1. With only Lys, Arg, Asp and Glu charged, each at its Cβ (+1 for the first two, -1 for the last two), find how big the charge dipole of segment 166-255 is about the Cα centre; round to the nearest 20 debye.
2. Starting with the fewest neighbours, write out Glu249, Glu189 ranked by other beta-carbon atoms found within 10 Å of each beta-carbon.
3. At a Förster radius of 22 Å, what calculated FRET efficiency corresponds to the Cβ-Cβ distance of Asn211 and Ser234, to the nearest 0.05?
4. Dipole magnitude of segment 129-284 about its Cα centre, charges +1 at Lys/Arg Cβ and -1 at Asp/Glu Cβ only, in debye to the nearest 20?
5. Can you find, among Val188, Ile233, Ala209, the residue farthest towards the positive end of the dipole of segment 129-284? Put +1 on the C-beta of Lys and Arg, -1 on that of Asp and Glu.
6. Looking only at segment 129-284, where both bridge partners belong to it, what percent of the DSSP beta bridges are antiparallel (to the nearest 5)?
7. Per-residue HN-Hα couplings for segment 234-249, Karplus 6.51 cos²θ - 1.76 cosθ + 1.60 at θ = phi - 60°, whole Hz, x for Gly and Pro?
8. Answer rounded, prolate or oblate for segment 59-120, using the Cα gyration tensor with square roots of eigenvalues a ≥ b ≥ c: rounded when a/c is under 1.5, else prolate when a/b is larger than b/c, else oblate.
Amino acid sequence: MREFRPRPKRYQVAKFGLKQYEKRVKQIFLPFWCALGVQYGETNNEFSHIENERTVKPLYHDIAEDIIAKINNGEFDTKLPTEQALMNQYNVSRNTIRRAIDVVYQRGLLRRVQGSGYYINQLPSTSKAILNLSVGTGGPMHSAEYHLTSHVVTFDKILAPHKLARLMSVVDGTELYRVVRLRFLDDVEYSLECSYYLTSVVPVLTVDAVNNSIFGFVRETYGIRVTSSEDYISMEALQPDQASLLGREVGDEVMALSQLNFYGNNSLFNYSTTYFVYPDLRFYVHSSHLSSN
């Protein structure tokens, strides 16, 4: 007669040990948890929701932002520390530091001198203000000595009309936040900004955020960071409402910057057009050529 052996119904923690038990459970069930949008916590042994794509951010980006902040506040004013010094400062690998430096370089803030390291780009001082488009949307486009403030003209929700819906690749009638702001650089009239945000991505936008940094609020509240943008610079004739707000004549031509901003896996969340009227304003764009890489 065949010997009867009871069929085990579950893995016994005492038999396998806690670590082995957890490992075996994850081997069996992890594919199903991932499919359901759940992951098992490695450090605190608890279940947690998988990070949404808009909140995932590589470590080197955090380091790059910190380096950029140090450049803007003058802590790094002439040259970056050596790779080894940065590795020690941030306690990361050489590869991570190099990727962070590459991000800063692409923002137009550095130049490389072969055999000597990376030097801080000193932008020309012949203009009162230089708009650095290379830093990307939401970044510090001006030197630290300039202070940008806002006067909110309009802050409401609208249903996207046909033309705007096409620009943002959404259906007509999609709900949007609309923000119209007059902006001042050191109390001098600087620009008129008209921007739109998808409420499906940014469900709540506060008055405080609109009066200060919208992109900072979106980043801190929703983990949304601009990963790419499409920028269009053009000369535009002011319409009556725009001319009235800016104290200009209808039809006056000004420099305009239109931007489509994307996050995560190339998902659009914002469209804006900014009309610049600041005197002696200059635009700076950094470019690198494939042949030089």
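Values in this text are rule-based calculations from the coordinates and carry no lab data. Only a predicted model underlies this, so the values are computations on that prediction, with no experimental measurement involved. Every residue, glycine among them, receives a Cβ derived from its backbone with ideal geometry; neighbour counts consider all protein chains shown.
1. Details: 7 positive and 15 negative charges, 83 e Å.
Dipole magnitude for segment 166-255 comes out near 400 debye.
2. On the way: Glu249 8, Glu189 18.
Ranked by crowding around the Cβ, least crowded first: Glu249, Glu189.
3. 0.20
4. Values: 10 positive and 18 negative charges, 105 e Å.
Computed about the Cα centre, the dipole is about 500 debye.
5. Ala209
6. Antiparallel: roughly 90 percent of the beta bridges in segment 129-284.
7. For segment 234-249, the Karplus-derived couplings read 8, 9, 10, 7, 5, 7, x, 5, 5, 4, 4, 5, 8, x, 10, 7 Hz, x marking Gly and Pro.
8. The shape class here is rounded.
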